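Beneath this line is the structure, given in structure tokens, with notes to follow.
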Amino acid sequence: MKPSLAKGTRDFTAKEVSRRKYIINILQNNFELFGFQPLETPSFENLSTLTGKYGEEGDRLIFKILNSGNYLKNSKNLLYQDYRDLINEYFFNIYEKLVKNEISIDNLEKEKFGFNTILDGVNKAGIRLSKGMMKFVESGLSKRIFLDENNFVDKNQLLNNIALEFGVSNNSITVPSDSDLLTKYISEKALRYDLTVPFARFVAMNQGQLAFPFKRYQIQPVWRADRPQKGRFREFYQCDADVVGSTSLWQEVELLQLYFKSFKDLKLSVSVHINNRKILSGIAEYAGIADQLIDFTVALDKLDKIGKDGVTKEMLEKGISEEAISKLDFLFDQTNDALENLLNLKEKFAGNETGLRGVEELEFVISNALSLGIDSQNLVFDITLARGLDYYTGAIFEVKADEVAMGSIGGGGRYDNLTEVFGVKDVPGIGISFGLDRIYLVMEELGIFPEDSEVRVKYLFANYGEKESIEALKLISELRDKNISAELYPEASKLKKQFAYAEKKGIENLVFLGEQEIKDQTVTVKDLVSGEQRSLKIEEFLK
């Protein structure tokens, strides 16, 4: 079998790992300088934890994990249980009404008692009804299910009668081919899609032990069943910083500072695009499409990818009227002055409480960020920025590299309602994420990784044999105690082979400790970069 990688994944060489660690170390250092504490969560979560948090498109990109065992057989059993329980509950309800004289036994054959509603639900669940059940749907309900010679049967007999009448058995169930219908039967876990929802789940589970506002950072891989392309992978790292337990807009300002300081330390020039979901809600209200907010924002978020015409086309396909779209034309014609654009929005939002609140929040964040020294050229009010995630409620961010076309290399926003889905209210939050993999690609393309970001062995000791190796390892141990990297070539091979190994591995110096050097208490060190060779006393070498 020819070895291959799964699509959207990568191996990382020593050089790549070292460079990635260089980025991570800078981010981690800044996270801690800003008061964030580290957190790690499991690689996979309960599927119910993740679904419904990212919008329809995001949910489709969740990597689901198959249940262990014969999951297709198990799914059939679970379908059977659902089918059986649904039918039994329906007939028990009728039975109770008959016993209480709420309905007449004589009317049973004429009535279906709303079974069509149940039939719709059963069909949507992918359950195929037996012939007996279909006959009931067409003709009505038989008295003999409920009656014996002494009038009403008991409930145990009722269950038997239902099974006999309608053929409710495992063998009568057809497993649906639609993967969406099968999901709940064959998958209960999923790989995490991002770090924010698992963080919200953690907060909900541990709220009594946390000191709020709670600031955490998290650097871990996430997985998305996306189409792989340049800068987009199915497995990638996110580096997140979040604050929960505070509605203060100073959190937004501080996170902007964190962004700009971190990218400055990485020597990357970036622009942070900023918007507010309340402004987007206000725009939808202004255009008369408040009930189509999600469709509107999902389409708008694709502006960079498909352009104005593509966004317009998608809005039309989503059922947004041409009249509404014409009102949205101003979105594509903004000036470079963020505060001026916000002022213009205020006029359109007259009487629009949500939109005005979004404008005021953004004015506060932008004006204070600028007063703290952030360059207005690098902080962009982007009215078309929507970020297609359902959980954002306030400010939203997106970071782009100024010198390389790479898409976003970071993003985030405020999500004041996210923990509510886990039963915990009034825990507002805001967070940002750094896209490690894309940051790496940008830095690689610009050639700005420092040389010392790569891990290299400083000394390779040539192997002359057993006696010399023992002496070499003594020196190597002393070097390692001084935090200097060194290793012994494992075999007493020809020096040409040992030279080739050192050059291929990028080792800086080759050290010769032969019989004569041991006798003289010296080492001969050859610099493999310059070619210079010199003899040193061991004491001098170890200084």
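Every number here is computed from the coordinates shown, using simple stated rules; none is lab data. For clarity, every value in this text was computed on a predicted model and none was experimentally measured. In this analysis, Cβ positions are derived from the backbone assuming ideal geometry, glycine residues included, and neighbour counts consider all displayed protein chains.
Here the residues Tyr90, Tyr259, ranked from fewest to most Cβ neighbours within 10 Å of their Cβ, fall in the order Tyr90, Tyr259.
Evaluate the charge dipole of the chain about its Cα centre and quote only its size in Debye, nearest 20, assuming +1 on the Cβ of each Lys and Arg and -1 on the Cβ of each Asp and Glu.
Details: 70 positive and 83 negative charges, 363 e Å.
So the dipole magnitude of the chain works out to roughly 1740 debye.
Cα axis of helix 196-206 to longest principal axis of the chain: angle in degrees, 0 to 90, nearest 10? So the inclination is approximately 80 degrees.
For the chain, what is Rg from Cα atoms divided by 2.2 N^0.38 Å, rounded to two decimals? Please list the in-between numbers first.
Numbers: Rg = 33.2 Å, N = 543, 2.2 N^0.38 = 24.1 Å.
Relative to the 2.2 N^0.38 Å estimate, the chain comes out at 1.38.
Equivalent ellipsoid of region 459-541: semi-axes from √(5λ) of the C-alpha gyration tensor, largest first, are 17, 15, 13 Å. A dipole drawn for the chain from +1 and -1 charges on Cβ atoms has a positive end, and of Phe422, Val525, Ser142 the residue lying farthest that way is Val525.
Over all pairs of distinct alpha carbons, what does the Kirkwood formula give as the hydrodynamic radius of region 252-342, in Å? Before the final figure, lay out each step's value.
Numbers: mean 1/r = 0.0667 Å⁻¹.
Evaluated on region 252-342, it is 15.0 Å.
Projected label points at Leu210 and Lys267, each 7 Å from Cα along the beta carbon direction, are separated by 3.8 nanometres.
Once every DSSP H run of n ≥ 4 in the chain is given -39500 (n - 2.57) and the sum is divided by its residues, what mean residue ellipticity at 222 nm do you get, rounded to the nearest 500 deg cm²/dmol?
Values: 21 runs with 242 residues, N = 543.
Dividing the helical sum by the residues of the chain leaves -13500 deg cm²/dmol.
Think of each Lys and Arg Cβ as +1 and each Asp and Glu Cβ as -1; about the Cα centre, that makes the dipole of region 459-541 roughly 280 debye.
Calculate the FRET efficiency for Ala500 and Asp527 from the Cβ-Cβ distance with a Förster distance of 22 Å, rounded to the nearest 0.05.
Values: r = 17 Å, r/R0 = 0.76.
So the FRET efficiency works out to roughly 0.85.
If you sort the three axes of the alpha carbon gyration tensor as a ≥ b ≥ c, you get a/c of 1.5 or more for region 343-452 and a/b no higher than b/c, which makes it oblate.
Between the helical axis of 14-33 and the longest alpha-carbon principal axis of the chain there is an angle of about 70 degrees. Each label point was placed 7 Å from the Cα along the Cα-to-Cβ direction; for Leu33 and Gln377 their separation is 2.3 nm.
Global dimensions of region 475-523 from alpha-carbon coordinates: Rg and Dmax equal 11.8, 31 Å. Annotation: the residues Met1, Met315, sorted from fewest to most other C-beta atoms within 10 Å of their own C-beta, follow the order Met1, Met315. Above 14 angstrom, tally the Cα pairs of region 1-45 and express them as a % of all pairs, no decimals. That fraction is 71 percent.
Put in line by how crowded their Cβ is, counting other Cβ atoms within 10 Å and starting with the fewest, Asp240, Asp416, Asp148 read Asp148, Asp416, Asp240. The trypsin sites (Lys or Arg not before Pro) found in region 437-482 that occupy coil by DSSP, while having at most 15 further C-beta atoms within 10 Å, are Arg456, Lys458, Lys482. Kirkwood Rh over Cα pairs of region 403-543 into Stokes-Einstein at 4 °C, 1.567 mPa s: D in µm²/s? This corresponds to a translational diffusion coefficient of 67 µm²/s. Against the main long axis of the alpha-carbon atoms of the chain, helix 250-265 sits at an angle near 40°.
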